[in-house]
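A short worksheet on the structure shown next.
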Amino acid sequence: MNFLRSPRAIPYLLLLPAILVILAVILLPLLVSLWSSLTPYVLTRPASLYQFVGFRNYERLWGNSDFWWAFLRTLVFVTVALNLEMVLGLGLAMLVNQITWGQRTIRTIMMFPMMFSPILVGFLFKYLLNDSIGFVNNALYSLGLITDPVPWLVDGTLANLSIIAAEVWMSTSVFAILLLAGLMAIPAEPLEAARVDGCNGWQVFRHVTLPFLMPFIYIAMTIRSLDVARAYDMIRIMTNGGPAGRTEMLWTLIARVGYQNSQMGSANAMGYVSILLSIIFTFYFYRKLADARAFMGGAQ
Amino acid sequence: MTSITTELAAPQRRSMRKLRRRWLVWAGVVFAMIVLCLPGLWVVLTAFRPNVEVLARPTIWLPQNPTLENFLKIFGLLPQVQEGLPVAQYFLNSLVISVTSTVVAVLIGMAGGYAFARFRFRGKSTLFIAFMLSRSVPGVALSLPLFILWSRVGLIDTPLGLITVYLAINIPFTIWLTDGFFRQIPVELSEAAQIDGCSRWQAFWRVEFPLARSGLASAAIFAFLTSWNEYALASQLSRTVASKTMPVGLMDFTAQFTVDWTGMSAMAVLIIIPALILTFIVQKHLIAGLTFGGVKG
C-alpha cells in the first residue's frame with residue numbers, strides 16, 4: 001500500500017491499463033495457443049482441448065511437406081519483398097531528394113499506396129491482373145505486346161510474382177518516405193568535405209550517405225517486419241493460397257488448417273512457429289536500430 | 001584561340017549535362033508517381049462506371065457515362081436491384097469499432113507514453129521492448145486462440161470483442177509515438193508550472209498536453225486507420241452482420257458467385273476515402289513521428 005502511494009509507483013500506475021490490455025488480449029491468448037498446440041484440439045470436439053499429447057503436433061509438422069513448402073515460401077517472400085522495397089525505396093528517395101521544386105507535392109503523392117489497407121491492395125491487384133477484364137492485360141493487348149491474355153493469378157509462378165509485385169507496390173513508399181527524411185537530415189559539411197577530398201559520387205554515397213542512413217533503414221525494417229504478416233490479407237483475397245497451393249504461405253495455411261479443417265491444435269503449432277519467426281525478425285531489426293541509434297548518439 | 005573556346009565550352013557543357021540530368025531525374029520521378037497512382041485511380045474510375053463499360057471490348061479507358069449507380073446499389077437504394085450485402089450496416093460497424101477503440105487506445109497509450117518519456121523505473125527498457133514485440137504477433141496466428149477464448153466468454157461476433165482486440169493492437173504503437181512526442185517537450189516547462197503552484201496532474205493537462213496535441217492527433221489517426229483496415233482478426237472474430245466490418249464485407253463480396261467489379265470498386269472507394277482524408281491530414285506528423293520517435297529515442 002505504501003508503495004502505491006509513493007512517487008515510485010506513478011510510472012507503473014500509468015502503464016497499468018496498457019499492461020492489463022496486453023496481458024488479456026496478447027499474452028493470455030498466446031498461452032492458450034501454446035497449450036492448445038500441445039493438444040489434438042479440434043473445434044467440433046471441445047473435450048479434446050484437455051487432452052495433453054506433448055509435442056506431437058510439432059513432430060507432425062516436421063514431416064509435413066505442405067508446412068515446409070509454406071515455411072520456405074514465406075521466408076523467400078519476406079526476404080525478396082523487403083530487399084526489393086528497400087532498394088527501390090532508396091532509389092526513389094534519392095531521386096526525389098534531387099528535385100527542389102514541387103518536392104512536397106511529390107512526397108504527398110508518394111504516400112498514396114500507404115493509404116490502402118492490404119485487403120484493398122489485394123483487391124486492386126486482383127482486379128488489375130484479372131485475365132479477361134484486367135487493366136494490365138488490356139493495356140498489353142492494346143499495345144500489341146500480347147495476343148492471348150496472360151493468366152497472372154492462375155499460373156503458379158506468375159501468381160507468386162504478382163503477389164510480390166503487390167507487396168512491393170504497397171510498401172516501397174514506407175521505405176522511400178523514411179529514407180527521404182533521413183537524406184534531408186544529412187548535414188551538408190561531411191558531404192562537401194568528402195567531395196573536396198576527391199570522392200566520386202559512388203564513394204560519397206557508400207561512405208557518407210549510407211552510414212548516415214543506416215538508422216533510418218533499420219527503422220523502416222523494424223516497422224515493416226512488425227506488419228509484414230499483414231500480407232496474409234492481400235494473399236487471401238488475391239489467390240487464397242492457390243492455384244493448387246502454389247502461393248500458400250504460413251499464414252494462409254494456418255487459417256486453412258485452423259478454421260476450414262477445424263484442427264486448432266495443429267494450426268496453433270504452426271501459428272507458434274510463425275509467431276517466433278516474426279518476433280525474431282522484429283527483435284533483430286530492433287537491436288540493430290538500437291545499435292545504430294547508440295552510434296549516432298555517440299557521434300554527436 | 002583554341003584554348004579560349006574550350007574554356008568557354010566547359011561550363012556550358014557542364015550546364016548542359018546538369019540540365020539533362022535534371023530531365024532524367026524528373027522523368028524517373030514522374031514514372032514512379034504514375035506507377036504509384038495508377039492502380040488506385042483505375043479502381044476509382046471503375047466505381048463510377050456502369051458494369052457494361054468494364055466488360056466492353058475494346059477497352060474503354062475513361063468512363064463515358066459516369067454514374068453514381070454503384071454506390072446507390074451497394075447501399076440498397078436502387079429498388080430494381082436486389083441488395084447483395086448489408087454494406088450500410090458494415091460501414092456503421094466499422095465506424096463504431098474504429099472510433100471507440102481509437103479513443104480508448106489513445107488515452108491508455110498516452111498514459112503509457114508519458115510514463116516512458118518522463119520517468120525512470122526498473123524494467124523500463126524490457127517493458128518497452130515487450131510492448132513492441134507484442135505488436136509483432138501475426139494477426140492470423142493470434143486469431144486462433146482469440147477465437148477459442150472469445151467464444152467461451154461470449155465476445156465472438158460482437159463489436160466489443162473486436163474493439164478489445166484493436167485496443168491491444170493500437171496501444172503499443174501509440175505508446176511508441178507519444179513517448180517520442182513527450183520527449184520533445186522540455187521537462188522544464190512542466191517544472192516551471194509546478195513551481196507556479198500547479199500539481200503535476202494540472203501541469204500535464206495545461207502545459208504538456210496542449211503541446212503534444214498534434215502528436216496525439218496523429219497517434220489517433222494511426223490507431224483509427226489500423227482498426228479501419230484490419231482484416232485477419234476481423235474475418236475470424238466476426239461471423240454475422242452484427243459485427244462484420246468493411247474489409248470483411250469486401251472479401252465476402254469477392255467470394256460471391258456473381259462477380260460485380262463495379263460494386264466492389266464502389267465499396268473499395270468507401271474504404272479508401274476516410275483513409276485518404278486522414279492520412280492527408282497527418283502526413284507531416286507521420287514522417288516526423290516515425291523518424292524522430294525512432295532516431296532520437
What are the residue pairs meeting all of these: first residue in segment B:57-72, first residue under 17 Å from A:TYR141 (Cα atoms), second residue assigned to a helix (DSSP H, G or I), Cβ atoms under 6 Å, and 6 or more apart or on different chains? B:THR59/A:ASN138; B:ILE60/B:GLU53
If you take just the helices (runs of 4 or more DSSP H) that sit entirely in segment A:160-233, which of them hold at least 1 residues that are under 28 Å from A:ARG287 (Cβ atoms) and within 14 Å of chain B (Cβ to nearest Cβ)? A:210-227
Of the residues that sit in segment B:190-218 and are polar (S, T, N, Q) and within 25 Å of B:THR102 (Cα to Cα), which one is surrounded by the most Cβ atoms within 10 Å (Cβ to Cβ)? B:SER218
Collect the residues in segment A:94-117 that are more than 7 Å from chain B (Cβ to nearest Cβ) and in a helix (DSSP H, G or I), keeping them in residue-number order. A:MET94, A:ASN97, A:GLN103, A:ARG104, A:THR105, A:ARG107
Is there a residue in segment A:122-134 that is among the aliphatic types (A, V, I, L, M), assigned to a helix (DSSP H, G or I) and surrounded by fewer than 20 Cβ atoms within 10 Å (Cβ to Cβ)? no
More than 9 Å from chain B (Cβ to nearest Cβ), under 24 Å from A:PRO151 (Cα atoms) and in contact with an Asp or Glu (Cβ under 6 Å, 6 or more places away or on another chain): which single residue out of A:GLY245, A:GLY241 fits that description? A:GLY241
So, in segment B:243-268, of the ones that are over 30 Å from B:LEU155 (Cα atoms) and under 22 Å from the mean Cα position of the chain (by Cα), which residue ends up surrounded by the fewest Cβ atoms within 10 Å (Cβ to Cβ)? B:SER265
Hits in segment A:248-279 - residues which are more than 9 Å from chain B (Cβ to nearest Cβ) and hydroxyl-bearing (Ser, Thr, Tyr): A:SER262, A:SER266
Among the residues of segment B:108-119, are any more than 9 Å from every other protein chain (Cβ to nearest Cβ) and β-branched (Val, Ile, Thr)? no
Hits in segment B:164-189 (condition: surrounded by fewer than 22 Cβ atoms within 10 Å (Cβ to Cβ) and at pLDDT 90 or above): B:THR164
Mind telling me which of the residues A:LEU31, A:LEU49, A:LEU72, A:LEU14 ends up being within 14 Å of another protein chain (Cβ to nearest Cβ) and under 30 Å from the mean Cα position of the chain (by Cα)? A:LEU31
So which pairs qualify, if the first residue must be in segment A:157-170 and free of Cβ contacts under 8 Å to residues at least 24 places away in the same chain, the second must be aromatic (Phe, Trp, Tyr), the Cβ gap must be under 7 Å, and the two must be at least 6 apart or on different chains? A:LEU158/A:TRP152
Just to be sure, is A:GLU85 acidic (Asp, Glu), within 30 Å of the chain's Cα centre (by Cα) and within 14 Å of chain B (Cβ to nearest Cβ)? yes
Which residues, taken from segment A:234-248, are of a type outside the set (Ser, Thr, Tyr), part of a loop (DSSP other than H, G, I, E, B) and under 19 Å from B:GLU230 (Cα atoms)? A:ASN240
Helices (runs of 4 or more DSSP H) wholly inside segment B:31-140 containing at least 2 residues that are surrounded by fewer than 21 Cβ atoms within 10 Å (Cβ to Cβ) and among the small types (Gly, Ala, Ser): B:87-118, B:124-134
Provide a single number: the residues in segment A:154-207 that are among the aromatic types (Phe, Trp, Tyr) and more than 17 Å from the chain's Cα centre (by Cα). 2
Those residues of segment B:141-179 which are hydroxyl-bearing (Ser, Thr, Tyr), part of a helix (DSSP H, G or I) and under 22 Å from B:TRP228 (Cβ atoms), in sequence order: B:SER143, B:THR164, B:TYR166, B:THR174, B:THR178
Please report, ordered by residue number, the helices (runs of 4 or more DSSP H) entirely within segment B:180-237 with at least 2 residues that are within 26 Å of B:ARG120 (Cα to Cα). B:187-195, B:200-203, B:209-229
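The values are calculated or read from the model by the stated rules, or taken from the named source; none is laboratory data. Values in this document were obtained by computation on a predicted structure and should not be read as measured data. Using ideal geometry, Cβ is built from the backbone for each residue, glycine included, and neighbour counts are taken over all protein chains shown.
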